[in-house]
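Here is the structure we will look at, set down as C-alpha coordinates.
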Amino acid sequence: MATVSSWELRARFARSLSQMYGNEVPAYLDLVDVAAEVNREVLLRHGADAERLGTATRVADERHGAIRVGTAKEMRQVATIFGGFGMQPVGFYDLREAASSAVPVVSTAFRPIDPAELDRNPFRVFTSMLVIDDRRFFTEELTGRLSEFLEHRILFDDELLQLAAVAQAEGQLPTRDADRFVALATQAFELSDQPVDRVWYETLDAISSVAADIGGVSTTHINHLTPRVLDIDELYRRMEARGITMIDDIQGPPGWEGPDVLLRQTSFKALAEARRFVDADGVVHTDSLRVRFGEVEARGVALTPAGRDLYDVMVAKTDARVAEEPGAVRQDVARQVWRENLPTTELELAVQDLAYFTFTLAPESARTGPFEANLASLLQRGWLVPHPIVYEDFLPRSAAGIFQSNLSSEGHKDLSVAGSDRTIDWMSEILGIPVADPNDLYAAQRQRSLDEVSRQLGLTTVLRADT
Ligand code: OOG
Ligand code: NI
(Lines give C-alpha, C1' and ligand atoms only; values in the text may rest on other atoms or scores of the structure.)
(Ligands and ions follow the chains in the order given, each with its own letter.)
Protein backbone atom coordinates (compact mmCIF):
# COMPACT_ATOMS: atom_id res chain seq x y z
CA MET A 1 0.00 0.00 0.00
CA ALA A 2 1.33 3.45 -0.92
CA THR A 3 2.08 5.52 2.15
CA VAL A 4 3.19 9.07 2.91
CA SER A 5 5.91 9.45 5.54
CA SER A 6 5.77 11.99 8.32
CA TRP A 7 8.26 14.39 6.71
CA GLU A 8 6.26 14.37 3.48
CA LEU A 9 3.10 14.97 5.46
CA ARG A 10 4.85 17.91 7.11
CA ALA A 11 6.09 19.33 3.79
CA ARG A 12 2.60 19.00 2.29
CA PHE A 13 1.01 20.62 5.32
CA ALA A 14 3.42 23.58 5.15
CA ARG A 15 2.72 23.99 1.44
CA SER A 16 -1.02 23.69 1.89
CA LEU A 17 -1.06 26.26 4.72
CA SER A 18 1.03 28.55 2.56
CA GLN A 19 -1.50 28.34 -0.26
CA MET A 20 -4.40 28.91 2.09
CA TYR A 21 -2.71 31.85 3.80
CA GLY A 22 -1.75 33.37 0.44
CA ASN A 23 -5.43 33.35 -0.52
CA GLU A 24 -6.44 34.90 2.76
CA VAL A 25 -3.63 37.47 3.08
CA PRO A 26 -2.31 38.37 -0.40
CA ALA A 27 0.43 40.60 1.07
CA TYR A 28 2.00 37.38 2.39
CA LEU A 29 2.64 36.44 -1.24
CA ASP A 30 4.60 39.67 -1.75
CA LEU A 31 6.78 38.72 1.17
CA VAL A 32 7.32 35.24 -0.25
CA ASP A 33 8.18 36.70 -3.68
CA VAL A 34 10.64 39.24 -2.34
CA ALA A 35 12.24 36.65 -0.04
CA ALA A 36 12.70 34.26 -2.99
CA GLU A 37 14.18 37.04 -5.13
CA VAL A 38 16.65 38.06 -2.41
CA ASN A 39 17.57 34.41 -1.74
CA ARG A 40 18.32 33.79 -5.41
CA GLU A 41 20.61 36.81 -5.51
CA VAL A 42 22.44 35.88 -2.31
CA LEU A 43 22.99 32.35 -3.62
CA LEU A 44 24.38 33.70 -6.88
CA ARG A 45 26.64 36.12 -5.04
CA HIS A 46 27.93 33.79 -2.34
CA GLY A 47 27.52 30.32 -3.84
CA ALA A 48 28.07 27.39 -1.46
CA ASP A 49 28.88 29.78 1.39
CA ALA A 50 25.26 30.96 1.43
CA GLU A 51 24.22 27.37 2.18
CA ARG A 52 26.25 26.97 5.36
CA LEU A 53 23.11 27.49 7.43
CA GLY A 54 20.79 25.34 5.32
CA THR A 55 20.63 24.14 1.72
CA ALA A 56 18.96 26.32 -0.91
CA THR A 57 16.01 23.90 -1.16
CA ARG A 58 15.50 23.75 2.58
CA VAL A 59 15.54 27.54 2.88
CA ALA A 60 13.22 28.03 -0.11
CA ASP A 61 10.51 25.89 1.53
CA GLU A 62 11.19 26.98 5.07
CA ARG A 63 8.30 28.55 6.98
CA HIS A 64 7.17 29.00 10.53
CA GLY A 65 3.58 29.56 11.51
CA ALA A 66 2.05 31.04 14.64
CA ILE A 67 -1.18 29.95 16.29
CA ARG A 68 -2.86 30.79 19.60
CA VAL A 69 -5.15 28.61 21.73
CA GLY A 70 -6.98 28.92 25.02
CA THR A 71 -6.99 25.75 27.12
CA ALA A 72 -4.86 22.80 28.18
CA LYS A 73 -7.16 20.52 26.22
CA GLU A 74 -6.72 22.57 23.03
CA MET A 75 -2.98 22.62 23.61
CA ARG A 76 -2.91 18.84 23.91
CA GLN A 77 -4.94 18.45 20.73
CA VAL A 78 -2.52 20.73 18.92
CA ALA A 79 0.33 18.49 20.15
CA THR A 80 -1.45 15.47 18.65
CA ILE A 81 -2.02 17.20 15.30
CA PHE A 82 1.56 18.44 15.01
CA GLY A 83 2.82 15.09 16.33
CA GLY A 84 1.21 13.56 13.24
CA PHE A 85 3.48 15.79 11.16
CA GLY A 86 6.60 14.74 13.09
CA MET A 87 6.76 17.96 15.11
CA GLN A 88 7.51 17.96 18.85
CA PRO A 89 7.31 20.71 21.48
CA VAL A 90 10.63 22.51 22.00
CA GLY A 91 11.35 25.46 24.28
CA PHE A 92 9.24 27.51 26.65
CA TYR A 93 8.62 31.25 26.21
CA ASP A 94 6.87 33.38 28.81
CA LEU A 95 5.70 36.41 26.87
CA ARG A 96 3.90 37.86 29.90
CA GLU A 97 7.38 38.69 31.22
CA ALA A 98 9.01 39.57 27.92
CA ALA A 99 6.39 42.09 26.83
CA SER A 100 5.79 45.51 28.39
CA SER A 101 2.22 45.68 27.15
CA ALA A 102 -0.46 43.10 27.84
CA VAL A 103 0.47 39.80 26.19
CA PRO A 104 -1.04 37.19 28.54
CA VAL A 105 0.35 34.04 26.92
CA VAL A 106 3.01 31.36 27.37
CA SER A 107 4.32 29.53 24.33
CA THR A 108 6.25 26.62 22.93
CA ALA A 109 7.23 25.73 19.36
CA PHE A 110 6.39 22.47 17.61
CA ARG A 111 9.17 21.41 15.24
CA PRO A 112 11.14 18.39 14.04
CA ILE A 113 14.06 17.65 16.36
CA ASP A 114 16.16 15.19 14.35
CA PRO A 115 18.73 17.06 12.17
CA ALA A 116 17.91 14.82 9.18
CA GLU A 117 14.20 15.62 9.59
CA LEU A 118 14.99 19.34 9.83
CA ASP A 119 16.91 19.08 6.57
CA ARG A 120 13.99 17.38 4.86
CA ASN A 121 11.52 20.00 6.02
CA PRO A 122 11.97 22.27 9.04
CA PHE A 123 8.36 23.50 9.36
CA ARG A 124 7.67 24.80 12.87
CA VAL A 125 4.72 26.43 14.58
CA PHE A 126 5.05 28.93 17.42
CA THR A 127 2.10 28.01 19.63
CA SER A 128 0.80 30.31 22.35
CA MET A 129 -1.68 29.57 25.09
CA LEU A 130 -3.74 32.17 26.94
CA VAL A 131 -3.12 32.25 30.71
CA ILE A 132 -6.72 32.84 31.69
CA ASP A 133 -6.17 32.83 35.45
CA ASP A 134 -3.41 35.45 35.54
CA ARG A 135 -4.74 38.14 37.88
CA ARG A 136 -2.52 40.82 36.37
CA PHE A 137 -4.85 40.67 33.38
CA PHE A 138 -8.12 38.95 34.31
CA THR A 139 -10.40 39.33 37.30
CA GLU A 140 -11.74 36.18 38.91
CA GLU A 141 -15.08 36.84 37.26
CA LEU A 142 -13.51 37.16 33.80
CA THR A 143 -11.44 34.01 34.34
CA GLY A 144 -14.69 32.18 35.00
CA ARG A 145 -16.35 33.55 31.87
CA LEU A 146 -13.30 32.79 29.72
CA SER A 147 -13.14 29.26 31.05
CA GLU A 148 -16.85 28.73 30.38
CA PHE A 149 -16.56 30.12 26.84
CA LEU A 150 -13.45 28.14 25.95
CA GLU A 151 -14.71 24.86 27.38
CA HIS A 152 -17.67 24.91 25.04
CA ARG A 153 -15.88 25.50 21.78
CA ILE A 154 -14.52 22.76 19.55
CA LEU A 155 -11.49 23.73 17.46
CA PHE A 156 -10.55 20.33 16.03
CA ASP A 157 -12.93 17.60 14.97
CA ASP A 158 -12.55 13.94 15.86
CA GLU A 159 -11.64 12.78 12.37
CA LEU A 160 -8.66 15.16 12.30
CA LEU A 161 -7.51 14.09 15.75
CA GLN A 162 -7.84 10.40 14.91
CA LEU A 163 -5.85 10.71 11.69
CA ALA A 164 -3.21 12.67 13.59
CA ALA A 165 -2.98 10.01 16.28
CA VAL A 166 -2.44 7.29 13.66
CA ALA A 167 0.12 9.38 11.77
CA GLN A 168 1.97 10.01 15.02
CA ALA A 169 1.96 6.36 16.08
CA GLU A 170 2.90 4.94 12.66
CA GLY A 171 5.11 7.77 11.36
CA GLN A 172 3.16 7.60 8.08
CA LEU A 173 -0.34 7.39 6.57
CA PRO A 174 -1.84 5.60 3.58
CA THR A 175 -2.14 8.02 0.63
CA ARG A 176 -5.85 8.62 0.90
CA ASP A 177 -5.71 9.28 4.66
CA ALA A 178 -2.71 11.53 4.10
CA ASP A 179 -4.67 13.76 1.72
CA ARG A 180 -7.53 13.94 4.17
CA PHE A 181 -5.24 14.67 7.14
CA VAL A 182 -3.49 17.55 5.37
CA ALA A 183 -6.80 18.99 4.14
CA LEU A 184 -8.49 18.82 7.55
CA ALA A 185 -5.45 20.21 9.37
CA THR A 186 -5.29 23.13 6.93
CA GLN A 187 -9.01 23.82 7.28
CA ALA A 188 -8.72 23.90 11.07
CA PHE A 189 -6.50 26.99 10.78
CA GLU A 190 -8.54 28.93 8.21
CA LEU A 191 -10.09 32.21 9.24
CA SER A 192 -13.72 31.49 10.11
CA ASP A 193 -16.63 33.63 8.91
CA GLN A 194 -18.72 32.77 11.96
CA PRO A 195 -19.95 36.04 13.48
CA VAL A 196 -17.97 37.27 16.47
CA ASP A 197 -19.88 38.37 19.61
CA ARG A 198 -18.96 42.06 19.64
CA VAL A 199 -19.57 42.79 23.32
CA TRP A 200 -17.54 39.78 24.47
CA TYR A 201 -14.74 40.50 21.99
CA GLU A 202 -14.51 44.12 23.09
CA THR A 203 -14.54 43.20 26.77
CA LEU A 204 -11.40 41.14 26.19
CA ASP A 205 -9.89 43.60 23.72
CA ALA A 206 -9.91 46.30 26.40
CA ILE A 207 -7.51 44.08 28.39
CA SER A 208 -5.45 42.67 25.55
CA SER A 209 -5.98 42.30 21.81
CA VAL A 210 -4.22 38.95 22.06
CA ALA A 211 -6.74 37.77 24.66
CA ALA A 212 -9.59 38.86 22.36
CA ASP A 213 -8.04 37.12 19.35
CA ILE A 214 -7.82 33.88 21.34
CA GLY A 215 -10.73 33.92 23.78
CA GLY A 216 -13.14 36.21 21.96
CA VAL A 217 -13.87 33.90 19.02
CA SER A 218 -15.12 30.34 18.78
CA THR A 219 -12.48 29.17 16.28
CA THR A 220 -8.73 29.45 15.80
CA HIS A 221 -6.68 30.58 12.80
CA ILE A 222 -3.14 30.88 11.69
CA ASN A 223 -1.84 34.28 12.77
CA HIS A 224 1.09 34.52 10.37
CA LEU A 225 3.30 32.37 8.21
CA THR A 226 6.93 33.34 7.96
CA PRO A 227 9.34 32.64 5.10
CA ARG A 228 13.10 32.58 5.66
CA VAL A 229 15.36 35.02 3.87
CA LEU A 230 19.15 35.05 3.53
CA ASP A 231 19.51 38.87 3.64
CA ILE A 232 16.84 40.46 5.81
CA ASP A 233 18.22 44.02 5.53
CA GLU A 234 17.86 43.85 1.77
CA LEU A 235 14.37 42.38 2.09
CA TYR A 236 13.34 45.19 4.43
CA ARG A 237 14.47 47.83 1.93
CA ARG A 238 12.67 46.15 -0.95
CA MET A 239 9.39 45.76 0.92
CA GLU A 240 9.43 49.46 1.81
CA ALA A 241 10.25 50.29 -1.82
CA ARG A 242 7.14 48.35 -2.82
CA GLY A 243 5.13 50.64 -0.55
CA ILE A 244 4.53 48.05 2.18
CA THR A 245 4.97 49.62 5.61
CA MET A 246 7.19 47.47 7.81
CA ILE A 247 7.45 47.71 11.60
CA ASP A 248 10.13 50.16 12.70
CA ASP A 249 12.95 47.75 13.22
CA ILE A 250 14.42 44.34 12.63
CA GLN A 251 14.13 42.38 15.90
CA GLY A 252 17.06 40.45 17.34
CA PRO A 253 20.77 40.86 16.49
CA PRO A 254 21.92 43.70 14.23
CA GLY A 255 23.26 43.15 10.72
CA TRP A 256 27.05 43.13 10.89
CA GLU A 257 30.11 41.73 9.09
CA GLY A 258 30.66 38.86 11.57
CA PRO A 259 28.79 35.54 11.79
CA ASP A 260 24.98 35.55 11.75
CA VAL A 261 23.78 34.41 15.15
CA LEU A 262 20.36 33.30 16.42
CA LEU A 263 17.44 34.89 14.68
CA ARG A 264 16.52 38.21 13.07
CA GLN A 265 12.88 38.95 12.30
CA THR A 266 10.74 41.74 10.96
CA SER A 267 7.12 42.10 9.90
CA PHE A 268 4.59 44.30 8.21
CA LYS A 269 1.76 45.61 10.29
CA ALA A 270 -1.45 43.69 10.65
CA LEU A 271 -3.86 44.42 7.83
CA ALA A 272 -7.57 45.17 8.17
CA GLU A 273 -9.55 42.04 7.30
CA ALA A 274 -13.31 41.85 6.94
CA ARG A 275 -14.91 39.99 9.85
CA ARG A 276 -18.58 39.51 10.77
CA PHE A 277 -19.83 40.62 14.17
CA VAL A 278 -23.06 40.01 15.99
CA ASP A 279 -24.11 43.02 18.06
CA ALA A 280 -25.93 43.00 21.38
CA ASP A 281 -29.25 43.43 19.51
CA GLY A 282 -28.57 40.25 17.51
CA VAL A 283 -27.91 42.04 14.23
CA VAL A 284 -24.93 40.83 12.16
CA HIS A 285 -22.62 43.47 10.62
CA THR A 286 -19.48 43.16 8.58
CA ASP A 287 -16.64 45.13 10.10
CA SER A 288 -12.89 44.61 10.18
CA LEU A 289 -10.13 43.48 12.52
CA ARG A 290 -6.39 43.98 12.36
CA VAL A 291 -4.91 40.80 13.75
CA ARG A 292 -2.95 38.98 11.11
CA PHE A 293 0.33 40.13 9.64
CA GLY A 294 3.32 39.08 7.60
CA GLU A 295 6.68 38.27 9.08
CA VAL A 296 10.03 37.23 7.65
CA GLU A 297 13.16 35.90 9.33
CA ALA A 298 16.85 35.23 8.88
CA ARG A 299 18.52 32.47 10.88
CA GLY A 300 22.06 32.19 12.17
CA VAL A 301 24.14 29.85 14.32
CA ALA A 302 22.70 28.62 17.66
CA LEU A 303 24.44 30.06 20.73
CA THR A 304 25.58 27.99 23.73
CA PRO A 305 24.45 29.10 27.22
CA ALA A 306 27.71 31.10 27.47
CA GLY A 307 27.01 32.68 24.08
CA ARG A 308 23.45 33.40 25.11
CA ASP A 309 24.66 35.12 28.29
CA LEU A 310 26.97 37.26 26.17
CA TYR A 311 24.05 38.00 23.84
CA ASP A 312 21.94 39.17 26.81
CA VAL A 313 24.79 41.38 28.00
CA MET A 314 25.10 42.91 24.52
CA VAL A 315 21.34 43.56 24.35
CA ALA A 316 21.48 45.25 27.77
CA LYS A 317 24.46 47.37 26.66
CA THR A 318 22.59 48.35 23.52
CA ASP A 319 19.50 49.30 25.56
CA ALA A 320 21.60 51.43 27.89
CA ARG A 321 23.35 53.28 25.06
CA VAL A 322 20.12 53.88 23.18
CA ALA A 323 18.61 55.32 26.37
CA GLU A 324 21.62 57.64 26.76
CA GLU A 325 21.57 58.84 23.17
CA PRO A 326 18.05 59.79 22.17
CA GLY A 327 17.73 59.72 18.41
CA ALA A 328 20.33 56.98 18.00
CA VAL A 329 19.37 54.22 15.58
CA ARG A 330 19.13 51.02 17.59
CA GLN A 331 20.66 48.81 14.90
CA ASP A 332 23.67 51.10 14.52
CA VAL A 333 24.27 51.13 18.27
CA ALA A 334 23.86 47.35 18.44
CA ARG A 335 26.31 46.87 15.55
CA GLN A 336 28.90 48.85 17.48
CA VAL A 337 28.30 46.80 20.64
CA TRP A 338 28.60 43.59 18.58
CA ARG A 339 31.94 44.71 17.14
CA GLU A 340 33.26 45.41 20.61
CA ASN A 341 32.13 42.11 22.14
CA LEU A 342 31.52 39.26 19.73
CA PRO A 343 34.25 37.30 17.88
CA THR A 344 34.18 38.03 14.17
CA THR A 345 34.75 34.45 12.97
CA GLU A 346 32.94 31.15 13.39
CA LEU A 347 36.25 29.54 14.32
CA GLU A 348 36.64 31.90 17.28
CA LEU A 349 33.00 31.35 18.34
CA ALA A 350 33.77 27.61 18.38
CA VAL A 351 37.08 27.99 20.23
CA GLN A 352 35.43 30.13 22.92
CA ASP A 353 32.43 27.75 23.14
CA LEU A 354 29.99 30.58 22.37
CA ALA A 355 28.06 28.83 19.58
CA TYR A 356 27.13 25.28 18.60
CA PHE A 357 28.97 23.49 15.80
CA THR A 358 29.50 20.03 14.39
CA PHE A 359 33.04 19.10 13.37
CA THR A 360 34.85 17.25 10.60
CA LEU A 361 38.52 16.29 10.23
CA ALA A 362 40.57 18.72 8.14
CA PRO A 363 42.88 17.36 5.43
CA GLU A 364 46.45 16.88 6.68
CA SER A 365 47.67 19.78 4.55
CA ALA A 366 45.49 22.18 6.55
CA ARG A 367 46.95 21.22 9.95
CA THR A 368 49.28 23.83 11.40
CA GLY A 369 50.42 22.38 14.72
CA PRO A 370 50.99 19.17 16.69
CA PHE A 371 48.09 17.03 17.88
CA GLU A 372 46.65 17.68 21.32
CA ALA A 373 43.48 15.92 22.52
CA ASN A 374 41.60 19.12 23.26
CA LEU A 375 38.84 20.63 21.14
CA ALA A 376 39.98 24.28 21.30
CA SER A 377 43.53 23.38 20.36
CA LEU A 378 42.47 21.03 17.54
CA LEU A 379 40.39 23.89 16.13
CA GLN A 380 43.15 26.46 16.47
CA ARG A 381 45.72 24.10 14.93
CA GLY A 382 43.52 23.37 11.96
CA TRP A 383 42.83 19.69 12.72
CA LEU A 384 39.07 20.16 12.91
CA VAL A 385 36.70 22.24 10.79
CA PRO A 386 33.62 23.70 12.55
CA HIS A 387 30.22 23.71 10.79
CA PRO A 388 27.53 25.93 12.31
CA ILE A 389 24.37 24.38 13.77
CA VAL A 390 21.49 26.62 12.70
CA TYR A 391 19.27 28.13 15.41
CA GLU A 392 15.91 26.39 14.99
CA ASP A 393 14.04 28.17 17.80
CA PHE A 394 12.67 31.58 18.78
CA LEU A 395 13.63 34.57 20.93
CA PRO A 396 11.23 35.69 23.69
CA ARG A 397 12.05 39.36 23.34
CA SER A 398 11.58 39.32 19.57
CA ALA A 399 8.37 37.33 19.90
CA ALA A 400 7.10 39.89 22.41
CA GLY A 401 8.16 42.66 20.02
CA ILE A 402 6.29 41.01 17.15
CA PHE A 403 3.16 40.61 19.28
CA GLN A 404 3.41 44.18 20.57
CA SER A 405 4.04 45.91 17.29
CA ASN A 406 0.70 44.60 16.14
CA LEU A 407 -1.45 45.45 19.16
CA SER A 408 -4.00 48.20 18.72
CA SER A 409 -3.38 49.38 22.29
CA GLU A 410 -1.17 48.71 25.30
CA GLY A 411 -4.05 46.93 26.97
CA HIS A 412 -4.33 46.57 30.71
CA LYS A 413 -1.92 44.92 33.15
CA ASP A 414 -2.11 45.25 36.94
CA LEU A 415 1.46 44.95 38.21
CA SER A 416 0.43 45.12 41.87
CA VAL A 417 -0.67 41.48 41.91
CA ALA A 418 1.29 38.27 41.33
CA GLY A 419 1.01 36.42 38.03
CA SER A 420 0.21 32.73 37.86
CA ASP A 421 3.18 30.43 37.76
CA ARG A 422 4.01 28.77 34.45
CA THR A 423 7.15 26.82 33.61
CA ILE A 424 8.46 24.40 31.01
CA ASP A 425 7.54 21.54 33.39
CA TRP A 426 4.00 22.83 33.65
CA MET A 427 3.82 22.90 29.84
CA SER A 428 5.15 19.32 29.66
CA GLU A 429 2.51 18.25 32.13
CA ILE A 430 -0.44 19.72 30.26
CA LEU A 431 0.88 18.34 26.96
CA GLY A 432 1.47 14.91 28.48
CA ILE A 433 4.88 14.75 26.75
CA PRO A 434 8.17 16.41 27.68
CA VAL A 435 8.91 19.80 26.14
CA ALA A 436 12.52 19.59 24.95
CA ASP A 437 15.11 22.13 26.02
CA PRO A 438 16.65 23.48 22.79
CA ASN A 439 20.15 23.50 24.32
CA ASP A 440 19.96 19.78 25.05
CA LEU A 441 19.17 19.13 21.38
CA TYR A 442 22.02 21.29 20.05
CA ALA A 443 24.48 19.89 22.61
CA ALA A 444 23.55 16.30 21.73
CA GLN A 445 24.03 16.97 18.01
CA ARG A 446 27.44 18.48 18.70
CA GLN A 447 28.47 15.57 20.90
CA ARG A 448 27.48 12.98 18.27
CA SER A 449 29.84 14.73 15.88
CA LEU A 450 32.62 14.87 18.50
CA ASP A 451 32.14 11.12 19.13
CA GLU A 452 32.62 10.52 15.42
CA VAL A 453 35.78 12.64 14.97
CA SER A 454 37.22 11.16 18.17
CA ARG A 455 36.74 7.71 16.64
CA GLN A 456 38.37 8.84 13.40
CA LEU A 457 41.33 10.20 15.35
CA GLY A 458 41.56 6.94 17.31
CA LEU A 459 41.14 8.67 20.69
CA THR A 460 40.36 6.55 23.73
CA THR A 461 38.66 9.45 25.52
CA VAL A 462 36.14 11.26 23.34
CA LEU A 463 36.45 15.00 22.81
CA ARG A 464 34.02 17.26 24.62
CA ALA A 465 33.17 20.90 24.01
CA ASP A 466 32.95 21.96 27.64
CA THR A 467 36.37 20.86 28.89
C1 OOG B 1 3.45 34.80 17.86
C2 OOG B 1 4.52 35.86 17.92
C3 OOG B 1 5.90 35.23 18.01
C4 OOG B 1 7.85 34.83 16.44
O5 OOG B 1 8.21 34.57 15.29
O6 OOG B 1 8.63 35.18 17.33
C7 OOG B 1 6.40 34.73 16.72
C8 OOG B 1 2.08 35.34 17.61
O9 OOG B 1 1.93 36.51 17.22
O10 OOG B 1 1.13 34.56 17.82
O11 OOG B 1 5.72 34.25 15.87
NI1 NI C 1 6.54 34.48 14.01
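So here's what we get for this one:
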read-out: Residues of the range 224-252 classified as among the aliphatic types (A, V, I, L, M), open to solvent by less than 50 Å² (accessible area, probe 1.4 Å), in a helix (DSSP H, G or I) and without any contact (Cβ under 8 Å) to a residue 40 or more places away in the chain, total; value: 0
read-out: Among the candidates 420, 408, residue that is open to solvent by 60 Å² or more (accessible area, probe 1.4 Å), in the same structural domain as residue 273 (by the TED database), farther than 25 Å from residue 52 by Cα and not in a helix (DSSP H, G or I); value: 408
read-out: Failed item in (1) modelled with pLDDT under 95; (2) open to solvent by less than 40 Å² (accessible area, probe 1.4 Å); (3) more than 25 Å from residue 19 (Cβ to Cβ); (4) within 16 Å of ligand 2 (Cβ to nearest atom), with residue 279 passing the rest; value: (4)
read-out: Pairs where the first residue, in the range 18-37, is without any contact (Cβ under 8 Å) to a residue 60 or more places away in the chain and the second is in a helix (DSSP H, G or I) and buried (at least 18 other Cβ atoms within 10 Å of the Cβ), C-beta under 8 Å, 6+ apart; value: 22/28; 22/32
read-out: Members of the range 237-260 found to be away from ligand 1 (no atom under 16 Å from the Cβ) and not charged (D, E, K, R), listed by number; value: 239, 241, 243, 244, 245, 254, 255, 256, 258, 259
read-out: Selected residue [over 25 Å from residue 77 (Cα atoms), part of a helix (DSSP H, G or I) and touching a Phe, Trp or Tyr at 6+ places or on another chain (Cβ under 9 Å)] from 453, 385; value: 453
read-out: Which listed residue, of 102, 79, 109, is among the small types (Gly, Ala, Ser), in a loop (DSSP other than H, G, I, E, B) and either within 16 Å of ligand 2 (Cβ to nearest atom) or open to solvent by less than 10 Å² (accessible area, probe 1.4 Å) (or both); value: 102
read-out: Unique residue being of a type in the set (D, E, K, R), farther than 21 Å from residue 395 by Cα and away from ligand 2 (no atom under 16 Å from the Cβ) when the list is 94, 114, 119; value: 119
read-out: Hits in the range 343-373 (condition: surrounded by 15 or more Cβ atoms within 10 Å (Cβ to Cβ) and under 21 Å from residue 392 (Cα atoms)); value: 346, 347, 349, 350, 353, 354, 355, 356, 357, 358, 359
read-out: The lone exception for residue 190 - which of (1) part of a helix (DSSP H, G or I); (2) over 30 Å from residue 335 (Cβ atoms) it fails; value: (1)
read-out: Among residues of the range 82-99, those that are within 13 Å of ligand 1 (Cβ to nearest atom), in contact with a Lys or Arg (Cβ under 8 Å, 6 or more places away or on another chain) and in a loop (DSSP other than H, G, I, E, B), counted; value: 0
read-out: Among residues of the range 84-96, those that are open to solvent by less than 10 Å² (accessible area, probe 1.4 Å) and farther than 19 Å from residue 426 by Cβ, counted; value: 3
read-out: Subset of the range 291-311 [among the aliphatic types (A, V, I, L, M) and either open to solvent by 10 Å² or more (accessible area, probe 1.4 Å) or assigned to a helix (DSSP H, G or I) (or both)]; value: 291, 298, 303, 306, 310
read-out: Long-range neighbours under 6 Å by Cβ, at least six apart or interchain, first residue of a type in the set (Val, Ile, Thr) within the range 383-401, second within 16 Å of ligand 1 (Cβ to nearest atom) and at pLDDT 95 or above; value: 389/302; 390/299
read-out: Test: residue in the range 386-397 that is open to solvent by 30 Å² or more (accessible area, probe 1.4 Å) and over 30 Å from residue 367 (Cα atoms); value: yes
read-out: Any hit, the range 426-448, residues being under 30 Å from residue 270 (Cβ atoms), open to solvent by less than 20 Å² (accessible area, probe 1.4 Å), out of contact with any Leu (no Cβ under 7 Å at 6 or more places or on another chain) and away from ligand 1 (no atom under 16 Å from the Cβ); value: yes
read-out: Odd one out for residue 287 among (1) in a helix (DSSP H, G or I); (2) away from ligand 1 (no atom under 16 Å from the Cβ); value: (1)
read-out: Residue that is surrounded by the most Cβ atoms within 10 Å (Cβ to Cβ), among those in the range 126-148 that are closer than 11 Å to residue 106 by Cβ and not hydrophobic (A, V, I, L, M, F, W, C); value: 128
read-out: Qualifying positions in the range 139-157 - part of a loop (DSSP other than H, G, I, E, B) and within 27 Å of the chain's Cα centre (by Cα); value: 153, 154, 155, 156, 157
read-out: Failed condition for residue 199, given (1) exposed (fewer than 15 other Cβ atoms within 10 Å of the Cβ); (2) not in a helix (DSSP H, G or I); value: (2)
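The values are calculated or read from the model by the stated rules, or taken from the named source; none is laboratory data. Every value quoted in this text rests on a predicted model; they were computed, and no experiment measured them. Cβ atoms come from the backbone with ideal geometry, glycine included; neighbour counts cover every protein chain shown. Only protein heavy atoms, including side chains, enter the accessible area calculation; ligands, DNA and RNA are left aside. Shrake-Rupley method; radii C 1.70, N 1.55, O 1.52, S 1.80 Å.
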